[in-house]
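Structure, as structure tokens:
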Amino acid sequence: VLLGSGDTHFIEEELKALGFASEKIEANLSNPQIVTRILRIAHLGDLILVKGSRSGRFDEIVKRISKQK
């Protein structure tokens, strides 16, 4: 699970409470860091959910990863 900055610590805490392994959660990432990590692990045909606000400019993440794969 890749999380940006801001209030994502609430999501991180809830994921851990639900039993997600801490080592599978990366938080406080910038958009370029998120893109780099997605491109490293994603394969053609993978489904990726990008949830975020326009103010967080997550649309840039979608544009960058959709052009690469």
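Quick look at the numbers
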| item | result |
| --- | --- |
| Helix 31-41 vs. the chain, principal-axis angle (Cα, 0 to 90°, nearest 10) | 80 degrees |
| Spherically averaged projected area of the chain from its Cα convex hull (nm²) | 4.7 nm² |
| Candidate lysines - alpha carbon under 20 Å from residue 67, same-chain residues fewer than 8 apart omitted | 51 |
| Formal net charge of residues neighbouring residue 54 (Cβ-Cβ distance under 14 Å; K, R +1; D, E -1) | +1 |
| Per residue solvent-accessible surface (Å²) - the chain, probe of 1.4 Å | 78 Å² |
| Under 18 Å from residue 63, Cα to Cα: aspartates and glutamates that are on another chain or at least 8 residues apart | 46 |
| Cα-centre dipole for the chain with unit charges at Cβ (Lys and Arg positive, Asp and Glu negative), debye to 20 | 440 debye |
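The values are calculated or read from the model by the stated rules, or taken from the named source; none is laboratory data. Note that this is a predicted model, so its numbers are computed, not measured. Cβ atoms come from the backbone with ideal geometry, glycine included; neighbour counts cover every protein chain shown. Remember, those area values only see protein heavy atoms, side chains included, never the ligands or the DNA or RNA. Shrake-Rupley method; radii C 1.70, N 1.55, O 1.52, S 1.80 Å.
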